[in-house]
1. Report the relative contact order of the range 277-357, percent, no decimals, based on alpha-carbon pairs under 8 angstrom and at least 6 residues apart.
2. Just one of (1) 64, 46, 33; (2) 61, 47, 40; (3) 78, 49, 37 is Cα extents along the principal axes in Å calculated from these coordinates, so which is it?
3. Could you tell me whether the range 36-154 comes out rounded, prolate or oblate from its Cα gyration tensor? Rule is a ≥ b ≥ c as square roots of the eigenvalues, rounded for a/c under 1.5, then prolate if a/b exceeds b/c, otherwise oblate.
4. Mind jotting down the distance between the C-alpha centroids of the range 36-58 and the range 177-237, whole Å?
5. Note the angle between two axes, namely the Cα long axis of helix 48-62 and the longest principal axis of the Cα atoms of the chain, as a number of degrees from 0 to 90, rounded to the nearest 10.
6. Cut-off 10 angstrom, C-alpha nodes, Gaussian network model of the chain. Which of 167, 254, 274 fluctuates the most?
7. Could you tell me how many degrees, from 0 to 90 and to the nearest 10, lie between the Cα long axis of helix 135-150 and the main elongation axis, the longest principal axis, of the Cα atoms of the chain?
8. For the Cα atoms of the chain, what angle does the longest principal axis make with the long axis of helix 285-300, in degrees from 0 to 90, nearest 10?
């Protein structure tokens, strides 16, 4: 079965459904592996001809790898700007691949749990994405895919330095592990800096919703490993798997404290956010993220019994510029996007919230 980008636009990926462990706080778990082909130059010095040859070679190997019954390959050189933006918002390609030039692409499996980027910073970037806290499950899947690819493509590997990558900070395992956390209570109680400082001391990075180079919006933060060399894959996974539950516990403690000590103020914040989203005629992406963050918190604290967390999760992504333009079927100016966004949200929330207090 062959998928199209329009098929992705009609339904959310697995990671947006909020079905994984600790999904009230952990939106998703992701593992990426950077790989390069032996005997080929890094992309930083590769010619356009070499880039084209690499894509053909890698795409041929990907066709033989088991990615499930339904899959697709998108040539990003040929894809429209809206489609590329859509894929980045869906966390299926990186911002670097979005902005790159020349021959490049991405293979995507059904449910959006697997995405394999070709000619990003490295020749290959393998990604597995899961809902909630599922790092060990993600590793099992990506390790299988990596093994299958390694039997078909000669990977650049050094006995001392491990997998060789364009950026030395990725050498060794070539692994980046990240979890996307929703931490509104830590922000509201001004405890978030304490968490950041503790993470920095144990060599973890904190980034925004779309990873490196992006700011936190909607109280979403990506926590990821800094080191890739000197530790095994299992050790890297275990380290983050041990840290995340402590952050989750701290966030839940702060939520409970807010609910007990500032109940009226919290309810007012949530209901005002609902009112604005339900009736606004124009709204920016930034304001939308902040308001959705408030009602996501309210939903998980049972202040909004008529709206499912899954609906809110989907709105975080479906109100982004690329998704709105896919929904409308045409490019939109910033002002048109603000109008379309408000209308889209009103349509989604009107039935869900009609019986709310």
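1. Values: 73 pairs, mean separation 38.7, N = 81.
Result for the range 277-357 is 48 percent.
2. Computed from these coordinates, Cα extents along the principal axes in Å corresponds to label (1).
3. Working: a/c = 1.75, a/b = 1.20, b/c = 1.45.
Cα axes put the range 36-154 in the oblate bin.
4. 32 Å
5. Helix 48-62 sits at roughly 80 degrees to that axis.
6. Ranking 167, 254, 274 by mean-square fluctuation puts 167 first.
7. 20 degrees
8. The helix 285-300 is inclined about 70 degrees to the chain.
Since every read-out is calculated from the coordinates, none of them should be taken as a lab result. As the structure is a computational prediction, the values presented were derived from the model and not from experiment. Quick reminder, even Gly has a Cβ in these numbers, built from the backbone with ideal geometry, and neighbours come from all protein chains shown.
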